[in-house]
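S.K.: Next up is a structure, given as structure tokens.
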Amino acid sequence: MKNLILFILLSPLSGFAQQTPDFDSKKETSLFLKQFFKDDTLKSYVKQSTTGSKDFLCAIDESNFLDNDEIKHANEQLKNIDDFIWTADLYKNINIISDSSFLKSDKNQLVEELKANIFVISNPIFIRNGTYCIFFYRVVCGNICNESDVSLYVKEDGKWLKKEEYCSWMN
């Protein structure tokens, strides 16, 4: 009886905290990034982690799509955003820029040398069995040129579509 009560109490949390066995987060991350970067043939430059980007993050206060438990879960994941380290094997068309190289570099010069902007991206936070995704990105286009965003994407007909933006920052 005690286990049944515990199961009933925890069941509402299982909708976003656990994925079904057929959900492949690595495969879905690759698909999401392919659509986010819009062209699988171009190399994108991605900073190794989001370390140093907490000033660009926001908490999700309310949502037209997420319930309170999902908002709480997403905010907890966003608080730990620096824990994830990107490696080139996670998505085939990214070039990783180490955190130390990024921090030491003059951003204007680095962007000019690469002939591309640098992305600082979070690991996608998948909920509802991989049909919803919270994603943080920051685009660095120079020393004082930045854009960042925390948004909700919904997978519809195999495509990830931005449905809600929680904060956006541009400099």
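S.K.: Could you tell me which residue of segment 27-58 is surrounded by the fewest Cβ atoms within 10 Å (Cβ to Cβ), considering only residues that are farther than 19 Å from GLU147 by Cβ and touching a helix residue (DSSP H, G or I) at 6+ places or on another chain (Cβ under 7 Å)?
M.R.: ASP40
S.K.: Filter segment 63-79 down to the residues that are without any contact (Cβ under 8 Å) to a residue 40 or more places away in the chain and either outside any helix (DSSP H, G or I) or among the hydroxyl-bearing types (Ser, Thr, Tyr) (or both) and list them by number. Break it down stepwise before answering.
M.R.: If we filter segment 63-79 for residues that are without any contact (Cβ under 8 Å) to a residue 40 or more places away in the chain, which is where we start, we get 67-68, 71-72, 75-76, 79.
If the condition is that a residue be without any contact (Cβ under 8 Å) to a residue 40 or more places away in the chain and either outside any helix (DSSP H, G or I) or among the hydroxyl-bearing types (Ser, Thr, Tyr) (or both), then ASP67 is the only one that fits.
Conditions (1) assigned to a helix (DSSP H, G or I); (2) within 19 Å of CYS167 (Cβ to Cβ); (3) of a type in the set (Gly, Ala, Ser), marked per residue:
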position	(1), (2), (3)
ASP61	no, yes, no
GLN109	yes, no, no
PHE119	no, yes, no
PHE126	no, no, no
GLY142	no, no, yes
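S.K.: Which count do you get for residues in segment 9-38 that are acidic (Asp, Glu) and either within 19 Å of PHE84 (Cβ to Cβ) or at pLDDT below 65 (or both)?
M.R.: Applying the first criterion (acidic (Asp, Glu)) to segment 9-38 yields 22, 24, 28.
Still in the list and also either within 19 Å of PHE84 (Cβ to Cβ) or at pLDDT below 65 (or both): 24, 28.
Of the residues in that region, 2 qualify.
S.K.: Could you please find all residues in segment 73-99 being under 18 Å from LEU31 (Cβ atoms) and charged (D, E, K, R)?
M.R.: Those that are under 18 Å from LEU31 (Cβ atoms) and charged (D, E, K, R): ASP89, LYS92.
S.K.: Further question on the same structure: Using the structure shown, decide if VAL139 is closer than 16 Å to THR50 by Cβ and of a type in the set (A, V, I, L, M). I'd like the intermediate steps shown before the answer.
M.R.: Working: closer than 16 Å to THR50 by Cβ: yes; of a type in the set (A, V, I, L, M): yes.
So VAL139 passes the test.
The values are calculated or read from the model by the stated rules, or taken from the named source; none is laboratory data. All of these numbers come straight from a predicted model, not from anything done at the bench. Because the Cβ atoms are built from the backbone with ideal geometry, glycine has one as well, and the counts that use them run over all protein chains shown.
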